[in-house]
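The values are calculated or read from the model by the stated rules, or taken from the named source; none is laboratory data. Quantities reported herein were computed from a predicted structural model and do not represent experimental measurements. All Cβ positions, glycine included, derive from the backbone under ideal geometry; neighbour counts span all protein chains shown.
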Amino acid sequence: MAESKNTMTSSRPYLVRAFNEWILDNDCTPYIVVDAGIQGVQVPTEHVANGQIVLNISPGAVRGLVIGNGALEFSARFGGVPMQVFIPLQAVMAIYAKENGEGMVFGSEPGSPDPDGTSREREGEQSASGQEDRPSGRPTLKVVK
């Protein structure tokens, strides 16, 4: 029996929609962490810190929230100034509840672009060649709230 290769679409849009609904159903406030360095991200740059921005996407904070299969978009006011926000879903790094931190952090997906525009599909090929990019020192975790 011949084995066919089934490529699946990204699970990220489905997970973002599900976590957003779950957080709202539990009377909590959904926040997303966005990598502002990804191409196509349109967010208020004055609020970007360390290449990231944290956004409240609750119905009281945004208008017209659409979480599509390719991007998340809405309009909101930042410092009283209205702005249309556009975020490719590959730039969403996490979604969590403000009140208790429950949620999900997303890793990179095969084939998704790095912030510098190169593809991640070849990571397996590079590590197979014997040149592994291992971090030096102890691993560290950072609490994002």
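Checked against the criterion of being surrounded by fewer than 19 Cβ atoms within 10 Å (Cβ to Cβ) and either at positive phi or aromatic (F, W, Y) (or both), the candidates G68, G64, G37 yield just one match: G64. When restricted to residues that are part of a strand (DSSP E or B) and farther than 16 Å from Q42 by Cα, the stretch 77-107 contains 7.
Taken over the stretch 86-104, the residue count meeting the criterion of being closer than 14 Å to Y14 by Cα and either touching a Leu at 6+ places or on another chain (Cβ under 9 Å) or β-branched (V, I, T) (or both) is 5. Counting only residues that are without any contact (Cβ under 8 Å) to a residue 60 or more places away in the chain and either over 21 Å from R12 (Cβ atoms) or in contact with a His (Cβ under 9 Å, 6 or more places away or on another chain) (or both), the stretch 49-85 holds 18 of them.
Listed conditions (1) modelled with pLDDT of 95 or more; (2) farther than 20 Å from V105 by Cβ; (3) more than 16 Å from the chain's Cα centre (by Cα) are all met by N26, apart from (2).
Restricted to the stretch 89-103, and to residues there that are on the phi < 0 side of the Ramachandran plot and more than 8 Å from the chain's Cα centre (by Cα), the residue that is surrounded by the most Cβ atoms within 10 Å (Cβ to Cβ) is Y96. Consider V62 carefully, then state whether it is at pLDDT 95 or above and closer than 21 Å to K142 by Cβ. No. The condition (being touching a strand residue (DSSP E or B) at 6+ places or on another chain (Cβ under 9 Å) and more than 16 Å from K145 (Cα to Cα)) is satisfied by just one residue among Q90, Q52: Q90.
If only residues of the stretch 7-50 that are in a strand (DSSP E or B) and of a type outside the set (V, I, T) are counted, the one that is nearest to P82 (Cα to Cα) is Q42.
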